[in-house]
Structures are given as C-alpha cells and as structure tokens.
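Structure first, then comments.
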Amino acid sequence: MDKSYKIFLDGSEIGITKLEKADYPMGVLIGEIEFKGIDSAYRFFKDYSIENNIILTLDDPEHKAIATMAIDSLKVIRQDGSEIKGLGNLIQGIEREYYEIHILGYPHMDEFPHLLEKYIKQFE
C-alpha cells in the first residue's frame with residue numbers, strides 16, 4: 001500500500017506514516033514515522049510530554065527510547081483531510097532504529113484490507 005498519512009501535533013505537521021502494520025484483532029494501526037523538521041524525536045517527545053503532562057511508559061535517555069500514553073492532540077490525517085480516529089494515539093520508539101505512531105481502538109479496520117491479509121498470512 002503506497003498511501004501516506006500526515007501526522008499532526010497541536011495542529012502542526014510533524015511527519016508522515018504509511019500505517020504499514022497493525023494488531024488487526026485489537027484494532028490497532030501502527031506506522032513508522034518519517035519526521036519533518038525534528039532532529040531528535042526522543043528529545044521532542046520528552047519535552048512535549050513534560051510540558052503537557054503526558055505520562056511516559058518508557059523513558060530511556062541512554063538509548064533515546066520513549067513511549068507515551070495517548071496524546072489527545074496527536075492526529076493522523078488521510079489524503080482527503082479526514083482524521084483516522086481511534087480511542088487514542090501514542091508514540092513509541094528508539095532513536096537509532098525508528099519511531100512509530102499507534103492508533104488504538106480503531107473501529108474501522110476493514111478500511112485496511114491489506115493489513116487483514118498480512119495478519120491472516122502469518123498463520124498459513
């Protein structure tokens with residue numbers, strides 16, 4: 001799937017994702033993030049979380065690894081401008097590898113049939 005989706009935080013675009021992974025039965029969409037204008041995602045989300053009272057479930061400064069709880073102002077937007085809205089969006093990752101956005105509890109997983117196919121193939 002070649003679609004990409006814009007990621008916004010507090011109304012500013014911070015990157016894009018392809019939402020290339022999922023925990024299909026749990027209704028979780030997952031996508032690696034290609035950041036725009038952010039040199040250190042670890043520092044960016046650490047500072048943002050402190051300033052906005054976002055709970056961190058992982059904070060490892062040595063490895064620059066971070067995982068947040070849901071961030072209300074973190075949005076994923078389709079090409080048509082509509083939001084892909086689940087129960088909450090969070091960030092997790094490690095700087096030397098990659099960061100991901102997770103859209104939790106997305107009720108319309110059928111919009112992503114390629115992710116269902118990928119899920120089924122793992123059991124074949």
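Against the numbered list (1) within 15 Å of the chain's Cα centre (by Cα); (2) closer than 20 Å to His114 by Cβ, Ile91 comes up short only at (2). Whenever a residue of the stretch 86-112 is under 20 Å from Ile14 (Cβ atoms), its partners that are in a helix (DSSP H, G or I) and not small (Gly, Ala, Ser), lying with C-beta atoms within less than 6 angstrom and at least six residues away or across chains, give the pairs Ile91/Phe45; Glu95/Tyr42.
Looking only at strands (runs of 3 or more DSSP E) that lie completely in the stretch 30-124, which have at least 2 residues being within 14 Å of Thr17 (Cα to Cα) and modelled with pLDDT of 95 or more?
Working: elements: 56-60, 65-68, 74-77, 88-94, 98-104.
Correct list: 74-77, 88-94, 98-104.
May I ask you to list the residues in the stretch 9-28 that are buried (at least 16 other Cβ atoms within 10 Å of the Cβ) and either touching a residue at least 60 places away in the same chain (Cβ under 8 Å) or not small (Gly, Ala, Ser) (or both)?
Residues of the stretch 9-28 that are buried (at least 16 other Cβ atoms within 10 Å of the Cβ), as a first pass: 9, 14-17, 19-22, 24, 27-28.
Residues satisfying the conditions are Leu9, Ile14, Ile16, Thr17, Leu19, Glu20, Lys21, Ala22, Tyr24, Gly27, Val28.
Please state which of the following conditions Tyr24 fails to meet, knowing it meets all the rest: (1) within 20 Å of Asp110 (Cα to Cα); (2) at pLDDT 95 or above. Result: Tyr24 passes all but (2).
The rows are residues; the columns are (1) more than 18 Å from Lys6 (Cα to Cα); (2) surrounded by fewer than 16 Cβ atoms within 10 Å (Cβ to Cβ).
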{"position": "Lys64", "(1), (2)": "yes, no"}
{"position": "Asp72", "(1), (2)": "no, yes"}
{"position": "Arg78", "(1), (2)": "no, yes"}
{"position": "Glu83", "(1), (2)": "no, yes"}
{"position": "Tyr99", "(1), (2)": "no, no"}
{"position": "His102", "(1), (2)": "no, no"}
{"position": "Gly105", "(1), (2)": "yes, yes"}
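The values are calculated or read from the model by the stated rules, or taken from the named source; none is laboratory data. Computed from a predicted structure; not experimentally measured. Cβ coordinates were reconstructed from backbone atoms using ideal geometry, including for glycine residues, and neighbour counts include every protein chain displayed.
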